[in-house]
Amino acid sequence: MSLTVALKAKPIAYSAIAFSEFVNASGLAHIATKFEDVNLLDNADKESNVAVDLDGNKKEYGSEKVVAAFLEKFPDLFLGKNEASSVQPWIELAAALAPSHNFMEVSNMLAQLDDHLIMRTLFVGYSLTIADMAVWGALKANNMAAGAVRTGQYHNLARWYRFMDTQKPFATALENFTKAVNASKKQKSSGP
Amino acid sequence: APVNALFKAASEKKPELLGSNDFEKAQVFEWTTKAFSSANSQEILESLNESLMNTTFIAQDAGITLADLAMYVHLHPVVSELSAKEGYKLNNVARWFDFIQHQEAVMETAKGLGLELVALDLNAPKIQRP
């Protein structure tokens, strides 16, 4: 099983590397994450910021298909005791949030996320689900959104975001990503 | 004293329940001690609500400590009595309590202690934003 992430994509598929490390931490399977120093994995497909192969023979391109592939392969791990329908709205919101540069649009989405967490620790139920990872990835990918969360006007969301950052699989995901970025920079500066 | 015995047992069997640095350890000790004190529960509710505004658990962001467990047991009777409106007002405590009471390890122990699941209304009114 493998995951491939385009390092220079917009948006970067942070949530997919979180899914992958979450699987690895569970011990259910091992997914190797590869990083490519490109804008898109397939120039003909503008959704191809990420690709996953969980069956050993078929690559799925794009965030939407990657989420579906993880959910299909590891339903219990990514849903816990919850219904697939309960994570779907958050997956959709995350997909809209990650690429948005519209301040009003971003603010509305952040308010919606923040309100949901007034009385809740996690987005769905009482254990981590794919909803949390999708939203976490969207915030990592969107500087405007992450910046607004840091300024403290969405303190429920900020609290949840800090919790997510302390969880091992996601810390590992970020670490691997940063290493890949640094390695690609180094390669460039030492080039001919 | 029960707190000292608890800390000794935890440090031998589950040191991760005591916090991962000095600050967290101090927080764990402070809140666990409070949970075993005769301090007014209403006052504890309010100070805990403020303390939990920016953290997921009482002493740290990452996970449950002894302080969460002790406070959960201590506050169970008062949280059981909160109206929906009071729950919204103490939203940080309510959110934290609901999460703790649904953790599998806690649920097993709670059963043994006769602590029932408290039904909390999670649909607080939205925040008014400028």
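Among the conditions (1) more than 11 Å from chain A (Cβ to nearest Cβ); (2) at pLDDT below 95, the only one that residue B:127 does not satisfy is (1). Taking (1) closer than 18 Å to residue A:132 by Cα; (2) over 17 Å from the mean Cα position of the chain (by Cα); (3) touching a residue at least 40 places away in the same chain (Cβ under 8 Å) in turn, residue A:18 satisfies each apart from (2). With out of contact with any Ser or Thr (no Cβ under 7 Å at 6 or more places or on another chain) and not polar (S, T, N, Q) as the only criterion, which of A:78, A:163, A:177 stands out? Of the residues listed, the single one that is out of contact with any Ser or Thr (no Cβ under 7 Å at 6 or more places or on another chain) and not polar (S, T, N, Q) is A:177. Just one of the listed residues (A:124, A:149, A:135) is more than 22 Å from residue A:178 (Cβ to Cβ) and buried (at least 20 other Cβ atoms within 10 Å of the Cβ), namely A:124.
Rundown of residues vs (1) part of a strand (DSSP E or B); (2) within 21 Å of residue A:161 (Cβ to Cβ); (3) open to solvent by 70 Å² or more (accessible area, probe 1.4 Å); (4) not hydrophobic (A, V, I, L, M, F, W, C), yes/no style:
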residue: A:17; (1), (2), (3), (4): no, yes, no, no
residue: A:21; (1), (2), (3), (4): no, yes, no, yes
residue: A:33; (1), (2), (3), (4): yes, no, no, yes
residue: A:38; (1), (2), (3), (4): no, no, no, no
residue: A:51; (1), (2), (3), (4): yes, no, no, no
residue: A:65; (1), (2), (3), (4): no, no, yes, yes
residue: A:71; (1), (2), (3), (4): no, no, no, no
residue: A:85; (1), (2), (3), (4): no, no, yes, yes
residue: A:92; (1), (2), (3), (4): no, yes, yes, yes
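Return yes when residue A:180 is more than 9 Å from every other protein chain (Cβ to nearest Cβ) and open to solvent by less than 10 Å² (accessible area, probe 1.4 Å) and no when it is not. Outline the logic, then answer.
On the way: more than 9 Å from every other protein chain (Cβ to nearest Cβ): yes; open to solvent by less than 10 Å² (accessible area, probe 1.4 Å): no.
Judged against the criteria, residue A:180 is not a match.
For the stretch B:36-58, a tally of residues being of a type in the set (Gly, Ala, Ser) and within 14 Å of chain A (Cβ to nearest Cβ) returns 1. Condition check: surrounded by 14 or more Cβ atoms within 10 Å (Cβ to Cβ), at pLDDT 95 or above and within 14 Å of chain B (Cβ to nearest Cβ). Does residue A:106 satisfy that? For residue A:106, the condition - surrounded by 14 or more Cβ atoms within 10 Å (Cβ to Cβ), at pLDDT 95 or above and within 14 Å of chain B (Cβ to nearest Cβ) - is met.
Which of the following residues is buried (at least 17 other Cβ atoms within 10 Å of the Cβ), more than 9 Å from every other protein chain (Cβ to nearest Cβ), touching a Phe, Trp or Tyr at 6+ places or on another chain (Cβ under 6 Å) and among the charged types (D, E, K, R): B:68, B:61? Among B:68, B:61, only B:68 is buried (at least 17 other Cβ atoms within 10 Å of the Cβ), more than 9 Å from every other protein chain (Cβ to nearest Cβ), touching a Phe, Trp or Tyr at 6+ places or on another chain (Cβ under 6 Å) and among the charged types (D, E, K, R). Taking residue B:33, is it open to solvent by 20 Å² or more (accessible area, probe 1.4 Å), closer than 28 Å to residue B:11 by Cβ and away from chain A (no Cβ under 11 Å)? Criteria met by residue B:33. Exactly one residue among B:104, B:81 is facing chain A (nearest Cβ under 9 Å), open to solvent by 70 Å² or more (accessible area, probe 1.4 Å) and over 29 Å from residue A:153 (Cβ atoms), and that residue is B:104. Could you tell me whether residue B:23 is aromatic (Phe, Trp, Tyr) and part of a loop (DSSP other than H, G, I, E, B)? No: the conditions fail for residue B:23. The set of residues in the stretch B:38-58 that are surrounded by 16 or more Cβ atoms within 10 Å (Cβ to Cβ) and not in a helix (DSSP H, G or I) comprises B:52, B:55, B:56, B:57, B:58.
A count restricted to the stretch A:114-150 and to residues that are within 14 Å of another protein chain (Cβ to nearest Cβ), under 14 Å from the mean Cα position of the chain (by Cα) and under 15 Å from residue A:86 (Cβ atoms) stands at 3.
The values are calculated or read from the model by the stated rules, or taken from the named source; none is laboratory data. Since the model is a prediction, treat every value here as computed from it, not as a measurement. Because the Cβ atoms are built from the backbone with ideal geometry, glycine has one as well, and the counts that use them run over all protein chains shown. Heads up: the accessible areas ignore ligands, DNA and RNA and are worked out on the full protein's heavy atoms, side chains in. Shrake-Rupley method; radii C 1.70, N 1.55, O 1.52, S 1.80 Å.
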